[in-house]
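Structure record follows, encoded as structure tokens.
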Amino acid sequence: MTYKVVCLINVPIFLFRKRELKTDFYLCTHSLILMKVVVMASPVLKPISLIEFIKDSLLAGGFSVSNSEIVSNHLVDAEMKGVPSHGVNRLGLYLGEVQRDIIDPQAEPVIKKIKDSLLSVNGSRGIGIVAMKKATDAAIDLANANGIAAAGITQCGHTGRMGAYAEQAANAGFLAISFGGGGRKSWGNVVPFGGKEAVMSTNPYTLGMPGLADDPVVCDFAISNWPAGKVAVARANGDQLPDHIIIDKDGKSSTDPEDFYNGGALLPAAGTKGSGLGIIAELMGDAMLGEAIEYNWLFLLIKADAFRPMSAYAASAKEFIHEVRGSKPLNPEGKVILPGERETSFAQQAQEKGITISDGVWDSIKTVAEEYGVKANNYF
């Protein structure tokens, strides 16, 4: 572990806000009040130890053994891929949702084949990470048989880092497209272009295709400039936001994360483009798939060799990937990278050197785990 001296005053332990009937509340009310300089650890953790710590915390909070394993592996994978907004900082959110009876930690998804290439996946009010993992497995099996498959995933909680499922599908030889919507009534936090009232959620989109060996090309983005989880991490760490991420309750641009939690909202990415994608996703998730707990999802898979041999696809993909990577960078000392390449690089480094967790997030998840009788010192 590495150490540094910090001074914390009234640092919130839980990071996430849920909107319901225009009322904001935190999923936990604990605050850490420190009025003096203290020494805090900024740990570098072994992935396997972190998985066990998160798994046991989930088990203590009521999750089944199977669901705890799936969720803990997913969260630590997000940390390894350099996406801490969807990593272990979500522990408090998930356990808080169990306490509030928003999700069933023991739930198993119900998967039904409704047409030759169509699947209905009912998450049974469980955590969405489990529903999406099992939906991805089932859709890959169906698409391997038919060349194409689509799954509608409903009645589930938070699905974690959506790029993980696109990576899995792309590595299996598929074009993968997913997007989610329908959560505006519970999680509305994004304004439409030209508006100052949040009427939709961050409605994520993910696209993935096979790249080079075990190096898929994956785009994973919210329709807002930042996802809400990234704002939460900035808030926990005491950081200011860049411009054009949020507006305050009066519709004015702000760089203070607190303004988001005090009636503000996220701005759509690229103006009309992000706003338009969000509206389409909201129509799909709500009007097409029905009532959502958080989001409903559409996940489409098409075999990469559906229209020409895989050898031809691989040759063309390799040529284009080398063209992109070999193109001249704007910064002479930099390089041009592909979507998903950053995550692959981060994962390799994390496997070799461990995962660094920020002070604010590390302190919060330790506190959450201790409330369930799980002590970090037993793992690290």
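State the number of residues belonging to the range 83-103 that are in a loop (DSSP other than H, G, I, E, B) and crowded, with 21+ Cβ neighbours inside 10 Å.
Residues in the range 83-103 being in a loop (DSSP other than H, G, I, E, B) and crowded, with 21+ Cβ neighbours inside 10 Å: 3 in total.
So is Val121 surrounded by 24 or more Cβ atoms within 10 Å (Cβ to Cβ) and assigned to a helix (DSSP H, G or I) or not?
no
Taking the range 312-326, which residues are of a type outside the set (Gly, Ala, Ser) and within 15 Å of Gly208 (Cβ to Cβ)?
Hits for the range 312-326 are Tyr313, Ile321.
What number of residues within the range 359-375 are assigned to a loop (DSSP other than H, G, I, E, B) and either in contact with a strand residue (DSSP E or B) (Cβ under 7 Å, 6 or more places away or on another chain) or aromatic (Phe, Trp, Tyr) (or both)?
1
Out of (1) over 22 Å from Met284 (Cβ atoms); (2) part of a strand (DSSP E or B), what's the single condition that is false for Glu167?
Every listed condition holds for Glu167 apart from (2).
Could you tell me which residue of the range 143-164 is farthest from the chain's Cα centre (by Cα), considering only residues that are assigned to a helix (DSSP H, G or I) and touching a residue at least 60 places away in the same chain (Cβ under 8 Å)?
The qualifying residue farthest from the chain's Cα centre (by Cα) is Asn144.
Please go through (1) in contact (Cβ under 8 Å) with a residue 24 or more places away in the chain; (2) of a type in the set (A, V, I, L, M); (3) surrounded by fewer than 22 Cβ atoms within 10 Å (Cβ to Cβ) for Ala213 and return the number of the only condition it doesn't satisfy.
(1)
With the condition being modelled with pLDDT under 95, I'd like the helices (runs of 4 or more DSSP H) fully within the range 209-327 carrying at least 2 qualifying residues.
Ranges flagged: 228-236.
For Ala172, are the conditions met, namely being free of Cβ contacts under 8 Å to residues at least 12 places away in the same chain, surrounded by fewer than 24 Cβ atoms within 10 Å (Cβ to Cβ) and not hydroxyl-bearing (Ser, Thr, Tyr)?
no
Could you say whether any residue in the range 181-190 is more than 13 Å from the chain's Cα centre (by Cα), surrounded by 20 or more Cβ atoms within 10 Å (Cβ to Cβ), of a type in the set (A, V, I, L, M) and on the phi < 0 side of the Ramachandran plot?
Looking through the range 181-190, at least one residue is more than 13 Å from the chain's Cα centre (by Cα), surrounded by 20 or more Cβ atoms within 10 Å (Cβ to Cβ), of a type in the set (A, V, I, L, M) and on the phi < 0 side of the Ramachandran plot.
The values are calculated or read from the model by the stated rules, or taken from the named source; none is laboratory data. Just so it is clear, the structure is predicted and the values come from calculations on it, not from any experiment. Neighbour counts run over all protein chains shown; Cβ positions are idealised from the backbone, glycine included.
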